[in-house]
Every structure is written in C-alpha cells, then in structure tokens.
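In what follows, a single structure is set out as structure tokens and then discussed.
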Amino acid sequence: MAVRRSPSSSRAEPWPSGAGFSQVARVLSESSSIHSDVLSHLSRDMSGNRLNPMPHWILEPEVFREGPGAEESQSLVQVMGAPPSPQVRSEGLHFLDGKRKVDYVLVFHQRRHSSIRSLVSGSVSQDQLSVVSNGNFPPTKGSDPATGRGADILGGEAASVGEVFMELGSAKGSEPMEAIDQEMHLIRQEFEANLLEAGLEIEREKEVKPNGPSFTRIHAPWPVLCREAEFLKIRVPTKASYELKEERGFGSSMSSIWRKLNQPFQPKVSLQDHGSTKFLSHCFSRDKLHLYNISSKDTFFDNATRGRIVYEILRRTVCVRTCQTIGISTLIAKGVYDSAFPLHDGDYKVIGHLEERNDRQVLHEEWARYSAFYKFQPIDLVRKYFGEKVGLYFAWLGVYTQLLVPASIVGIIVFGYGVATVDTNLPSLEMCDERFNFTMCPLCDGACDFWHLSTACGTARASHLFDNPATVFFAIFMSLWAVLFLEHWKRRQISLSFSWDLTGIEEDEEHPRPKYETILLQKRQRKQKTKKKRKKSEPEKQEDGAVTGKDRWRQKLLSAMAAGAPPAVDKLTWKDRLPGYFINISSILFMFGLTFSAVFGVIIYRITVSALMAMSPDPETKSNVRVTVTATAVIINLVVILVLDEIYGAVAQWLTELEIPKTETNFEERLIMKAFMLKFMNAYAPIFYVAFFKGRFVGRPGNYVYVFDNYRMEECAPGGCLIELCIQLSIIMLGKQLIQNNIFEIGIPKLKKLIRSLKEKEATPNAREDEKPPQQWNLDYALAPFDGLTPEYMEMIIQFGFVSLFVASFPLAPLFALLNNIIEIRLDAKKFVTELRRPVAARAKDIGIWYNILSGMGKLSVIINAFVISFTSDFIPRLVYQYMYSPSGTMHGFIDHTLSYFNVTNFKPGSAPQNSAHEDVTFCRYKDYREPPWSSDAYQLSKQYWSVLAARLAFVILFQNLVMFLGLIVAWVIPDVPKTIVEQLKREKKLLVNLFLQEEKEKFQLIQSLFTKDSILQSNSQPSNPSQGLPILGRYSTLPSGPAAGDGGGGGPRARCRAASFSQFSGKTCSSPKNENASSRQTAV
C-alpha cells in the first residue's frame, strides 16, 4: 500500500519520486478476482493507527495544487512523463511535448469548494485514512477518527470484497470535503494510478476552470501497444507479399471495361486502389518484430487501433481500495467520469493542401457530402477510421441500396404495365360502364341511399395499377430478391472479413455491465448480513443447550470441507431476475394491447366519420367520403406510429435494464429483440388490419355486424381492399422516412447546434477574448456521444419490411426506399464524421442478430405476399371465373358474377334508406358470393364462394413452396464463400507456413555455423585423437557439433546445450553441468 505512518513532524514526507507513487496499487488487469484476506490484513493494520494517505493533489490540476502540495508536482511530471515543451503542436492531438499522441481522453467535472482549498493549505499530517464498511458513503457522525473509524467492523471478520472505502478526512476543525466529491476524487486517483502501473502515460491541463470539464489525456507507449496487440491477437501485415492471380481472356477484358466505366464513381481515396500485390498478415507477436514492416513506431498502429488498445486496458482496470469496480464503463455509470472517448484526427474541414488531408477530412470530402451521392463508399477507409463494426454497417447498407436498383426497375416496369393496360382491363371497363347500371345497397343505415357502381370508376381504374397479373410476378421476384440479397451479403461479408483480416478472430471476453455489478454487490451484502445474523444467534442457541456435541462436530466438519473447496463464483440466477421477467412479459403484452387499441381507435374514427359525412346534405361531401376518411385515417395512423415509436424505444431500454443482462452483447441482443417486436407491431398493425381483416367481418344487408350497436363495420372499396392497402403502405412508409428518418436526423442536430451557438454568443466579449483556442478534446467533448448502431439498423430493418412484406400491393416501394437510402447513407456519414464523437474501433465478424432478423423477415414475406395476392387482391377470383364460370372464357361478366342480390323488403326496420332518390328499387347488389333471395338457401354462401376459397388456399400453398424451392436453388447456386477467397486463404496459409519454416531454417543454419566454428577452435587447441570425431549434423538435427559423448577427452558426461532463440542466441556453449541453469532460461528453437 502507498500509505505510511505519520512521522513526528508537522507534515508528511513528500514522495521522493514517481516510483513511489507507482506502487499505489497493483493493476489487476488480467483478472477481476479480489482476495478478501488481503483486504482483511489491510484493515487490521490501519484500523487503529494514524496513517497518512498519498498526497491527494498528486493527480489534481494546478488550481488545486497550492501550498504544501506544490513541491510534489514535479514527481508527477516524472511519473506521467509530460514535461512541457516549447514545440507544442497546435492541432491538440499530442501531449505538451508535441511528440506523444493522445490516444484516449477521460472527462470529469471538478467542482471547486472552499473546503478543498482549506484542506490543501492545512496540515497534511492531520489527515486520516479510514476504512469503512460501505463502499459508497462516509462513516457515521459518531465515529471517532482518532480511534480508527470503522474499527468495530474489522475486529472479528475480514472485510468483504467491495466494501472497503478510503476516506480522506480532516482530524481537526477544518471543513471537510463533500463526501461525494471526496469519494469520486479518491476513485479517480486510484484508477489513474493503476493505469500508470499498466504502462500508460497520463497528462492533465495546468489550469482548469472551476466548474468546467477536466480532461485526462492518455498515451500508450510502444511497449504497451506491442503487449496488448499480442494479447488481443491483432493481425498486422508482414513484409512478405504475393501477387494476386490476374484474370485472363474475356474475363480480363470485361473487368477492365467495368473498371473504366466505374472510374467516375470511385472516391479519391488511396485505400480504395487495391493493387495486384497483397501482404500476408499474421497475429502480432513481440518475438517476430523482424517480420513486420515497422517504418515508424508512431504510425505502425493506426489511431483507431491505438484507441482500441487503450480502451481494452481501461475496460479491465480495477479499483480495489476505494470501490469494487472493473473498467471505465462502471466508473462512468457511477459518475466518477463523465465520458471517455478517443479523439478524431483533427478538424474535418480542409484548410491546407488536398494532399495533406487526414482521414477525417478525406471521409468528409469523399463520403459525408450530399454532392458525393453518386460515388461508391470508401468502405476500407471507414473501417480503418471507425472500426469493423461501423464499417460492416455501412457495407451492409451499401449492398442493400445497390440491390434496390434492380428491384426498383422491375417495380417501375410492373407499375408501367398497369398504366398501359388500364384502358383495356375488362372488369374496370364494366364497372365504369353506366349501361350496366348496377344499383348497390346503401353504405350505412337510414341516412345513406342506394348508389350506382359506376360512381366508383376512378377507384377501380386506380386499383388496376397495382392489382394486375404482373403483381404476382413481382411478388415472386421480390421473394427471390430477398433470398438473393441475403446470399449476396454473406459473400460480401466474408470478402470483407478476408480483406480486413477478420478470419478466425475469437470473441473478446466481456466484463460485466455496471448494473449487473451493482446488483451482484447488493446480493453479496445481503448474504453477508444474513451470515452475521446467524453467527450472532449461534451463541444464544449454545446457551440454551440446543446445540449438542454431535451438532458441533458436524458444523466443524462442514466448515473444514468448505474451507478446502474452491470458492463459489457469485452470479445472478433466474430467481434474481424473476421480477424483471414478470414485468417484461406484462409490459410487452400491455404495449401490444396499446398498439391494437390505437388501431381500433382509428377504425372507430373511420366508421363514425363515414357515417357523419354520409348524413351531410352536401352532395359533394357525400361523393368524397371514402377518399377523405381514408386519407385522414392514414395520417392519424402515421402520427400515432411516430409517437409510439419513441415511447417503445424508451420502454425497450427500460425493460432490458430490468432483466439485468451480464454483458453488453447480451444487453444489446435483448434490447434489439424487444425494440424490434414493439416497433414491428406498431408499424405494421394498421397495414395488417387493412390487408387481412378489413371487410372480412361486415356481414350482409339485413344482417350486418355492428360496433357499439350503432355503427356498421367498414367495408372495402368496390375495387377491393388492395388500393386502400397501397395508400396505407405508401403514406406510412414515406411519412416515416421523411419525418422520422430525415427531418429528425437533420433538424434536431441543426437545432442543437443553433442553441449551442446562441449560448456561446451570450458570453461576454472579454471572456471570449481571454479564452484560448479550443483543443481537439474540447471540440470532441462538445459532440454528441456515440450511442451504438441499433437505431440505424432498426430504421433500415423496418424499411426492409415495407419493401418485402407487402410489396405486392405497392410495386413502387423499392423505388422510394432507394431514393431514401441514397440520402440516408450520406446523412449517416455526415453524422458520424461531423456530429458524433469517435467510437471505439470495435471488432465484429458479422452484423450479428440483425442477419437473423432479416432472414426471418425474408421467409415471412413469402407467406404474407401469398396471402395478399390470394385474399386481398382479386387475382384468384378472376382466374376462377375465367376458367370455371365464364361462358366465353374471357373476363366479360366478371363484375356481375361477383355481386349478389338482396331484396330491399328484407331490410330491418330503420335500416332502409329514409329519403331515397331511387324509386322502384326491388333488388340491390352487394359484393359477396351468396345465394339470391329467390333461392331455397337464400343469402347463404354459394358454391362459387367455396370454389374461390379452395383456389385461394391452393395458391398460398403453391406460391409458398415454389418460392421456397427457388430460394433454396438460389442459395445453393451461390456459394457463401467466393472461390477466389478460398484459393487465397489456402495460398496464404501455405505461404505463412513456408515463411516460418524458412525463418527456422535460417536460425538453425546460423546456430550450426556457430557451433561448428566453436568446435573447430576447440579441436585446434587440443591434440588430435583418432577415436574422436564430429557427429554428422543432419538437416533437422538439434545437437550442436562438439566432442562425442563418452570419449576419453571429455572427462565426464557432456552437458546438453540448449539453443537460444534468434534474438537471444550467443556463441558460447555450455561445457559443464553448472551452466545448465543458466542455459535453461533460454528458449529452445
């Protein structure tokens, strides 16, 4: 421990150097286990003594280093290695010496109190170091510092893990520091001391604003980078390279033509120019530095890799003395630090020459601008700057957007076919022909009158634009397109994994989340309290005579067995999570009910408004009832969806927290599933209603189904429900894209920037003049934090559902999705480059659970499109009529065949039209397959109904199996791994083996030559002996050349010599057994 007993002087001895400070705490970076017996001995040693803590200003800025602490600041400079230098780079990416890079930044707010100043300026010898039982709060008021606060809980049993808290208090009358600030200060002090022990270098500003943010800059030197790169198995290129196989013949000429055509669309990025040479890559090893092309230690690891290495150290560094925490995430959750992030590579605006642009400026110019919408994405540079996880997202988005191009073209062709054939479509012509004079039954009871079918001519013609034979082909095409998209993405993903050296990477070990650690600590504390109560009650039982000698012997035996057994690892079980699971299930069911209630409320709105508008005396209002009600209802649905989307996102976050997932990966997967279920139901519930439920439960004239005993269930339009489904889908899809995806993503950041600029203008001019130009860490801290890729993926997954699930009703959906994604890519790019802090370069082999969701939606789209074509459109009834009931084998008479008769005398009292303008109406028509009133089975379902139903079900089965079979063929024809990748992987593996064999061979030859030279020198110095000879060294022999075993000149058994590694080898051979220990320290080749 870095504490010593107080000397008799009035002040504690200053720390002589940084070496003493570096012994403050041992970094337990390789393991998170803490032994409670160590803390027990620490507690016993300090419980009753007046101990001086480490000078607490040692890691504080100069504003808090006044008085006695000023002379100790020089030792901190030596430890941190941050001496001021006149050559300081202006961009703010380096330490004060202008040489060492700032790899990571920790930010915290230091509130300035008068008690701090008085504490520093007072006598340091009066400070006390106390150990209390709770790791979060100061001791009680009644505790006595002179007698060792907290000593009462340290006498009998060792303090448990995580319950030790170092408090820096004042023994005399000076005002103490606030408890929370004091605790945070001590935790930061220990954490940063542990970072120093891990090899990192730390620097802080000399002057800090009293209430502003304080920045701790971290630099990872070369030895730390090498150690962590080997630990993380980071693949780096070697000096060895090979030539890629070039295409020949027709394929080569086509590839060259394609490259020339694509040249205007390629970004001007050096990383995009893949030559014909590829360097072999291998996991970094400190023993093989000679294999890597290390031109500069500062640039061998790029900034993203350096930030990732520092983050791994921050993630596993522990705080033992002040609190039981592991990693920077826990400290941020506890408020010790505000945030932690790696720095951007300077400003994104290009000021100098274009050749001197950094990666951030290149991305801004070639990727994050709307004017670059026609260019391909520089995916390799995106991966290099932001990491593989972000790179995979933008690569997936690019593949999805590219494959929307053929889908959009086919959708436009299908829509064009509908436009071209609308004037020759016989069903719509019959519906528009006034000569047929179909008198339809009233749309509501009492107030509505009979009407002619020809008045719905416009709806029938518009319905044909989307409900035509080409729609079936388009539905099959889009189902196969979804399979092709997933297969193409798998190939692209594997190609990127090979290009980015992600093949064979292992999953990184994750530390528990802060919430999990907190709940687990509470569980441990409850167990310890229960044990203490049981131990207190045991003497009472013995006094009562309840515990016999046999019971006492059994207890001793069990305690001895428990002492020899390994300690059980504490973890949260399903019992600890049971309340969270119960709340999750009930809350999700409630949210589903809320969504259905919203849909039902819109249904009631449509029914009531339709009835009210039908009772209007204005004939123009009556004629526009269906259009007005449909448009307003869809807008209401859109507003409800947007509002509930935001609510469901927050609810999903809250419900996932209640489940207490252990790691961030588990948390993210559970959050994704909950958010997807809630948002999927919210977005598609109104569309599902129109597609499969509207008009199915209406009833018939004289026997309608009523809601609240007054309002009839709404019916589909005369042209079918498909046109209403198209309107619903188009408005919701376009509305979500325009409002939620684009306006929110563009408008809210602009509004935040405007508010921030207004606040800056409110500052006094003198203050602005005195301020120094902001450094890069100040600029990055002002940016929004990176909250993950879940919102970005969710946005695209919901859009994928609009494109694939109900595409049979809206063939233009891929086109609108394509236009949105072209803007979305540049919008997201601009957000990542200019508006967000730089995320940690996280490794990822794939897009994770999102691929499973996409695959499930692709399979669901086949079923939904089959039902949409069968039950929502009139495609199957037309086929049945044409081939079973049409006298001429054409579509003539189809409208009359789908309309049933109703005798107006069978209306219920009060439901017949009161003031009818149509006289002498005996029968009215309605759309259904029922027997006429003159039949013996009047108004019963007819044979045509059952024929159409059977045909619909048969089509669903046929469509589903056909598309699934074609999808399997497509997946089988397209291999997951490209053939070129397979060949290159085999070739690289062979070349790496040859490279290492060649290296070992060179080592062996060098060792052999040195041993041979040494043996020659020994033979020249001794008289020749005929019986003595040199052994013949074989090609793979590991024995050194020397005197043969058992010869007379050896004078005893020869000691076995061990060859050293190439970097450690020395020419001296071991000649006696006494050198065996020395030689055994070397590593054999």
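The values are calculated or read from the model by the stated rules, or taken from the named source; none is laboratory data. All of these numbers come straight from a predicted model, not from anything done at the bench. Because the Cβ atoms are built from the backbone with ideal geometry, glycine has one as well, and the counts that use them run over all protein chains shown. Accessible surface areas use protein heavy atoms only, side chains included; no ligands, DNA or RNA. Shrake-Rupley method; radii C 1.70, N 1.55, O 1.52, S 1.80 Å.
Things worth noting here:
- Placed amide H near Ser339: partners under 5 Å, 5+ positions off or other chain: Val107
- With all protein chains modelled, accessible area of Arg308 [1.4 Å, Å²]: 20
- Three-way shape label, segment 946-1001, alpha-carbon gyration tensor, a/c 1.5: prolate
- Close amide H partners of His452, meaning residues 5 or more places away or on another chain with modelled amide H under 5 Å apart, are Met440.
- Separation of segment 323-382 and segment 723-755, taken as the distance between their Cα centroids, equals 26 angstrom.
- Using only side-chain charges placed at the Cβ, +1 for Lys and Arg and -1 for Asp and Glu, the dipole size of segment 611-699 relative to its Cα centre rounds to 460 debye.
- At full extension, Asn293 and Ser947 could sit 227.9 nm farther apart than now, given 0.36 nm per residue minus the alpha carbon distance.
- Close amide H partners of Gly98, meaning residues 5 or more places away or on another chain with modelled amide H under 5 Å apart, are Arg89.
- When each of Lys288/Lys989; Lys297/Lys1001; Lys384/Lys831; Lys239/Lys278; Lys206/Lys831 is checked by Cα-Cα distance, pairs over 21 Å: Lys297/Lys1001; Lys206/Lys831
- Using the Karplus relation 6.51 cos²θ - 1.76 cosθ + 1.60 with θ = phi - 60°, the per-residue 3J(HN,Hα) values for segment 640-654 come to 5, 5, 5, 5, 5, 4, 5, 5, 5, x, 5, 5, 4, 4, 5 Hz, with x marking Gly and Pro.
- Of all accessible heavy-atom area on segment 647-736, the percent that carbon and sulfur account for (1.4 Å): 61
- Partners for Lys260 among lysines (Cα-Cα distance below 21 Å; same-chain residues under 8 apart left out): Lys245, Lys268, Lys375
- Our estimate of slack between Phe596 and Arg577, defined as 0.36 nm per intervening residue step minus the Cα-Cα distance, is 4.0 nm.
- In order through segment 918-934: 3J(HN,Hα) via Karplus (6.51 cos²θ - 1.76 cosθ + 1.60), integer Hz, x for Gly, Pro: 9, 9, 6, 8, 9, 10, 10, 10, 8, 7, 4, 9, 9, 5, x, x, 7
- Note on Lys694: lysines with a C-alpha under 21 Å away, same-chain residues under 8 apart excluded, are Lys927.
- In this structure Val880 has an accessible area near 10 Å², from a 1.4 Å probe over the protein heavy atoms.
- In segment 905-991, the ratio of gyration radius to Kirkwood radius, Rg to Rh, stands at 1.54 when only Cα atoms are counted.
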